[in-house]
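Report on the structure given below.
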Amino acid sequence: MNIAAATNESLAEISNYLIYSAMAVYVLAFIGHIAEWTFGSRSRVARTAAALGKGATGAKARAANARADEAGEGEGSADAGAPSVKVKSGGSTTVLEPPEVVTRAGKRGDVPDGPGAAGGDAQGDMYGRIAVSLTVLAFLLHFAGVLTRALSVQRAPWANMYEFSTTFSMVAVGAYLAFLLAKKNVRWIGLPLVTTVLLDLGLAVTVLYTESDQLVPALHSYWLYIHVSLAIICGALFYLGAVATVLYLFRDRYETKLMSGGKPSGFATSVLERLPSSGSLDKFAYRINAAVFPFWTFTIVAGAIWAGDAWGRYWGWDPKEVWSFITWVAYAMYLHARATAGWKGRKAAYLALFAFACFLFNYYGVNVFFNGKHSYAGI
């Protein structure tokens, strides 16, 4: 018995070490993403060419090359996707001027996606790839830390806020990496994701940390694996949708200002022009929220069934139950407004962020400010 206790204690210490190691690697990934955005901002010509590459017609490209031929520089590529250029001849030197910066088309729906955080810059792209590789390494350490925590207590590793937080951030990173593996253009999530994961883990290891311990009898059920795991997965995906929604609001304001003839600041231009268009960000957030909502519904139903087994009633208006329902209603309002009232754009975005704020309050605030049947382990 003492040997088993010592083994569990050792596993708990290893888990803590792995979580801290993951945090250290996440910091390196954060620096890599910062370098990606920084070096990408230094390559306006490459960034502009990448943004315009899909929009330029082959005829314009051929005309540009024909003009270059007439000027004595006719060996350039006749790529149909290349932007048009202007040619200046002075003395024995021919100068190809960079294409004009075009950040949007005449209609909002015609705005092309930005070229990404690296902005078409090779060095920025290299740092971005390094950041993604470091994120993969951090995720593996993170996963190992969660797994050893589970082994140390021989149960699912999400019985208290510390365990829920570490697992939640791990699933969020895993979802991001899965999108990358599926060849989705989501590397722009990398910087905000790693930043919030570091904040979440920092809060977990300092404020929310709880020593590994066994469950109270009411929690010894297979519904722990179903209900809580679904809540974590849903929350992680809702988080990715919320990040896209916040970025959408910034990008939409940037596009609106350009359309009205305004001139955004240099910093806003450097960052926001590299993001996907507002339409793409809005579509990404909507698809995630719509896909996750049925699973969140089942999460609440599973919790009610578990409550019936554990406490003899399916619904008792416990604070956690109330805020889970409020979150469900908020997301239902968002989806209903999008489907029937034709709400798109900023109104829908604000409603989606309100729904995610309800989820966060249910995640943190309920455990801090309220007592209920879900408050087994305090924080």
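When restricted to residues that are surrounded by 13 or more Cβ atoms within 10 Å (Cβ to Cβ), under 18 Å from Phe238 (Cα atoms) and out of contact with any helix residue (DSSP H, G or I) (no Cβ under 7 Å at 6 or more places or on another chain), the stretch 290-308 contains 0.
Restricting Leu198, Leu203, Leu219 to residues that are surrounded by fewer than 21 Cβ atoms within 10 Å (Cβ to Cβ), of a type in the set (A, V, I, L, M), modelled with pLDDT under 95 and within 17 Å of Tyr26 (Cα to Cα) narrows the list to Leu203.
Ala231 passes every criterion in (1) surrounded by fewer than 18 Cβ atoms within 10 Å (Cβ to Cβ); (2) in contact (Cβ under 8 Å) with a residue 40 or more places away in the chain apart from (1).
Mind checking whether some residue in the stretch 309-323 is of a type in the set (Asp, Glu), under 20 Å from the mean Cα position of the chain (by Cα), modelled with pLDDT under 95 and surrounded by 14 or more Cβ atoms within 10 Å (Cβ to Cβ)? No, every residue in the stretch 309-323 fails to be of a type in the set (Asp, Glu), under 20 Å from the mean Cα position of the chain (by Cα), modelled with pLDDT under 95 and surrounded by 14 or more Cβ atoms within 10 Å (Cβ to Cβ).
Taking helices (runs of 4 or more DSSP H) as the structural unit, those lying wholly within the stretch 167-282 and holding at least 3 residues that are under 26 Å from Ala22 (Cβ atoms) and of a type in the set (Val, Ile, Thr) correspond to 190-206, 229-259.
The values are calculated or read from the model by the stated rules, or taken from the named source; none is laboratory data. Treat the numbers as computed from the prediction; the structure is a model and nothing was measured. Cβ: placed from backbone, ideal geometry, glycine included. Neighbour counts: every protein chain shown.
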